[in-house]
Amino acid sequence: MAYRLEAAALARLMPMHLALDGRGRITSAGGTLVRVLGEGLVGEGFFGLFELRGAARPSVAEVAAMARLHLTRRGRADLAFRGQAVPLGKGALVNLSFGIGVVEAVQRFGLTEADFAPTDLTVELLYLYEAKTAVLEELRALNLRLHGDKVVAEERAVTDALTGLGNRRALESALAGMAGAFALAVVDLDGFKAVNDGLGHAAGDHVLSVVARRLEAACRTGDAIVRTGGDEFVMLMPGMVRADAALRRMRRVIARLSEPIPWEGAVARIGASAGIVLAGGGGVPPAERLMSRADAALYAAKRAGKGRAVVWRAGLGEAETEASGGA
């Protein structure tokens, strides 16, 4: 009866203990070790189950005299323990722990607070680990949400809400990144006010969305299209260096934009005019100057009868211009 009480007390105070008799047989085993190593420990030989680091086959007395134990389950190098032993009668009492592998062991074997002694700091460390893990997961999730919100906010800041094209800020950014020769075309819709007045603003919004899609369809790889406001759009065309090529391109765009647009049983009819400015590779003029020149060419196209494109040249408005025929 006294032994059973002693074994019960050992199991409560030291759930990872092994009691050895003088021949090295296990006479008592803590419940946590039984859970990890399996039933049937009692009666087994300690040295047949475990391999001690630095000692080939010590005696029980030598084990009891060791200040620290490092041992692994024979045939299971993944099951390593640290421990301490003290003499127990003719045998020894060995108390084991998982050492720094406790977190892995808890996860691997599904251990809980009940598997450790109440005074074992492992429990507190596990709480800290779980709390730290939970906080890190929350912080990671928060960072992902913040990054996603940042990306969305940045996209919205440079996106026209109605058409999904870039806005004026996107144009400024694109111009700042332009290298080499390119053409910039300001496209303004003809007859758009009549659509708004005759069919309503919902029809006008629909027309702007259709125009955006048609402009996108006319894009080459590397081109950029933005809506700068109202019914005005800007096309950036890298590598476009010849006025005649730019004019041919914009003729096709104007023709496409002039095609009828169905709207709730009615038809919206618009046209388009364009002002083009060519920027050579030898130093790109400031964005304000490029836009001013493109606007001047656009006004010339409007004055010339609309439905056409004009390329900006020095002296525009006083002398030489180049225009396409109406679409």
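Bear in mind these aren't lab numbers, they're just calculated from the coordinates by the rules spelled out. In this text the structure is predicted, and so the values were computed from the model without any measurement. Because the Cβ atoms are built from the backbone with ideal geometry, glycine has one as well, and the counts that use them run over all protein chains shown.
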Mind checking the dipole of the chain: about its Cα centre, +1 per Lys or Arg Cβ, -1 per Asp or Glu Cβ, Debye to the nearest 20?
780 debye
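Could you work out how much longer the chain between Arg248 and Lys306 gets when fully extended? Use 0.36 nm per residue separation minus the Cα distance between them, nm to one decimal.
Values: separation 58, 0.36 × 58 = 20.88 nm, distance 1.60 nm.
Using 0.36 nm per residue and subtracting the Cα-Cα distance, I get 19.3 nm.
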How long is region 195-272 along each principal axis, judged by its Cα atoms, biggest number first, in Å?
41, 20, 18
Using the Kirkwood radius built from alpha carbon pairs, what does the Stokes-Einstein equation give as D for region 168-323 at 25 °C and 0.890 mPa s, in µm² per second?
156 µm²/s
Would you report the distance distribution of C-alpha pairs in region 159-204 as whole percents per 5 angstrom bin, up to the bin with the largest distance?
5, 15, 16, 20, 16, 12, 8, 5, 2
Output the Cα-based Rg and Dmax of region 2-116 in Å, rounding Rg to one decimal and Dmax to a whole number.
13.3, 37
Can you give me the relative contact order of the chain as a percent, contacts being Cα pairs under 8 Å and 6 or more apart?
12 percent
Taking the alpha-carbon centre of each part, the distance from region 235-258 to region 46-92 in Å is 86 Å
Is the shape of region 232-282 best called rounded, prolate or oblate, per the rule: a/c under 1.5 gives rounded, else a/b larger than b/c gives prolate, else oblate, with a ≥ b ≥ c the square roots of the Cα gyration tensor eigenvalues?
prolate
For a quick check: with amide H placed at 1.01 Å from N, whose amide H comes under 5 Å from Leu79's, ignoring anything fewer than 5 positions away on the same chain?
Arg73
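Order these by the 10 Å Cβ neighbour count, fewest first: Arg35, Arg12.
Values: Arg35 15, Arg12 12.
Arranged by neighbour count, lowest to highest, Arg35, Arg12 become Arg12, Arg35.
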Along the charge dipole of region 2-116, which of Ala65, Ala77, Val102 sits closest to the positive end, that is, farthest toward it, with unit charges on the beta carbon of Lys, Arg, Asp and Glu (+1, +1, -1, -1)?
Ala65
In region 168-323, if the dipole is taken from +1 on Lys/Arg beta carbons and -1 on Asp/Glu beta carbons about the Cα centre, which of Ala218, Phe192, Ala266 is farthest to the positive end?
Ala218
For the chain, list log₁₀ I(q)/I(0) at each q in 0.08, 0.14, 0.15 Å⁻¹, using the Debye formula over Cα point scatterers of equal strength and ignoring solvent, two decimals each.
-0.55, -1.03, -1.11
Based on DSSP H runs of at least 4 residues, each adding -39500 (n - 2.57), what is the mean residue ellipticity at 222 nm of the chain after dividing by all its residues, to the nearest 500 deg cm²/dmol?
-13500 deg cm²/dmol
Fewest-first sequence of Arg74, Arg57, Arg313 by Cβ atoms within 10 Å of each Cβ:
Arg57, Arg74, Arg313
Just to be sure I understand the model, the point goes 7 Å from the Cα along the line to the Cβ. What's the resulting Ala61 to Ala77 distance in nm?
3.4 nm
Subtract the Cα-Cα distance of Leu144 and Glu39 from 0.36 nm times their separation in residues, and report this length gain in nm to one decimal.
33.2 nm
